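Enquirer: Quick one: the structure is below, and I'll ask about it shortly.
The values are calculated or read from the model by the stated rules, or taken from the named source; none is laboratory data. Treat the numbers as computed from the prediction; the structure is a model and nothing was measured. Here Cβ is always computed from backbone atoms with ideal geometry, including for glycine, and neighbour counts include all displayed protein chains. Surface accessibility is based on the protein's heavy atoms, side chains included, excluding ligands, DNA and RNA. Shrake-Rupley method; radii C 1.70, N 1.55, O 1.52, S 1.80 Å.
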Amino acid sequence: MVAASPGTISILCATCHQAIGLDYAAGKTPIRCTECGHTYHWDNGILLLGETGNQSDYPDESYALLADAEPRHFWFAGRNQVITATMRRTVGQLAGRSVLDIGCGTGFVLAALEQAGMTVCGLDMHMAGLRYARQRTHGLLVCETATRVPFVDQFDVVMLCDVIEHTPDDSIVLREASQALKSSGVIVVTVPANPHMWTIVDEASGHKRRYTKAMLTAAMEQAGLHILTMHYFNNLLYPVQALQRRLLKRRALASADDRLQIFHQSLRVPPPLINATFRIAMAADIPLSYLPIPFGASLIAVGERRE
Ligand SMILES: [Zn+2]
């Protein structure tokens, strides 16, 4: 199944941190560290490197709902457009460049980037998501936590798309991610914006925080990154989310079941007319991002390593 990605990549041994050359066109033969002798196995084309998320926040059923919603729900296609447009503006032509998506989930973003001609690699700690990613892309997929990224100086682009808001210490994840970048590479980060827009949906989604520009700037700088660009997106949907916030603000999570139910509701595809309208609203984020619009429900930032 792992076939289309060219060449060899080096991955750090999770036991002794020695670089192991990995011909990932193989994808099946166990990989043995020549330094410490530890052997790593593949599970249906996914490299099992370190900790796997058996204690996932969500049952496998949630990943099935997510994978089903992504190709249809306005938010996911809209976010892909914003990510690829911002990336093109920063690095130019995407074809032929390499990208690592940390917290790649079901691989919906990776698949779009592979279609744009990039050599893709995904990392996630949840096998339930990675199994969908395996069906969607040909690139190397690694099961490992975002706090132990096993790559050094290898990628043109590293992405953290709606990942760091789930982590207790965002700058540790950003620092790990930045080490996977080539010195000329860039990191692309998206996060939910505006702490005042916090609702029960954030809580149900496992968010630790929503971001101001200052918070994201501080986290990136603390991780040794220099910010090239940062802007709001989801500009036109901001009033919709602000209204949703007003409606939801007084509720509290009743139980774990309640939490799962709210998360599943947030993945429900809206009726066709609303879905199409919101899709157009998100497409408008791309030309709007050339203007200094001071509001939006999400933030996207691009940074590079400070040498
Ligand atoms: Zn080793």
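Enquirer: Taking amide H positions as placed in the peptide plane 1.01 Å from N, state which residues far from Y211 in sequence (5 or more) or on other chains have amide H under 5 Å from it.
Expert: A193, N194
Enquirer: Find the all-direction average of the projected area of the Cα convex hull for the chain, expressing the result in square nanometres with one decimal place.
Expert: 15.2
Enquirer: When the Karplus curve 6.51 cos²θ - 1.76 cosθ + 1.60 is applied with θ = phi - 60°, which whole-Hz ³J(HN,Hα) does each residue of segment 155-164 get, with x for Gly and Pro?
Expert: Each residue of segment 155-164 in turn: 10, 6, 9, 10, 10, 10, 9, 6, 10, 5 Hz.
Enquirer: For the chain, give me every cysteine whose Cβ has no other Cys Cβ within less than 4.7 Å, ordered by residue number.
Expert: C104, C121, C143, C161
Enquirer: Would you mind checking which residues have amide H under 5 Å from D101's amide H? H placed 1.01 Å from N; only 5 or more apart, or other chain.
Expert: Amide H neighbours of D101, under 5 Å, 5+ apart: C121, G122, L123, M159.
Enquirer: Compute the orientation-averaged projected area for segment 83-200 from the convex hull of its Cα atoms and round it to one decimal in nm².
Expert: With the hull built on Cα positions only, its mean projection is 7.6 nm².
Enquirer: Moving on. Skip the ligands, DNA and RNA, and give the accessible area per residue of segment 154-213 with a 1.4 Å probe, whole Å².
Expert: That works out to 30 Å² for each residue.
Enquirer: When only C-alpha pairs under 8 Å and at least 6 residues apart count, what is the relative contact order of the chain, in percent?
Expert: Over the chain, the number comes to 18 percent.
Enquirer: Then there is this: Under 15 Å from a point placed 7 Å out from the Cα of D68 along the Cα-to-Cβ direction: which residues of segment 265-299 have their backbone N that close?
Expert: In segment 265-299, the label zone of D68 (backbone N under 15 Å from the point 7 Å along Cα→Cβ) covers 265-270.
Enquirer: Right, here's the next one. Please give the calculated 222 nm ellipticity per residue for the chain, where each DSSP H segment of at least 4 residues contributes -39500 (n - 2.57) and the sum is spread over every residue; nearest 500 deg cm²/dmol?
Expert: After summing the helix terms and dividing by residue count, I get -10500 deg cm²/dmol.
Enquirer: Using just the alpha carbons, could you tell me how many Å³ per residue the convex hull of segment 34-141 encloses?
Expert: Convex hull volume per residue, Cα atoms: 120 Å³.
Enquirer: How long, wide and thick is segment 192-279, going by the Cα atoms along their three principal axes, in whole angstroms, largest first?
Expert: The Cα atoms of segment 192-279 stretch 40, 33, 19 Å along their principal axes.
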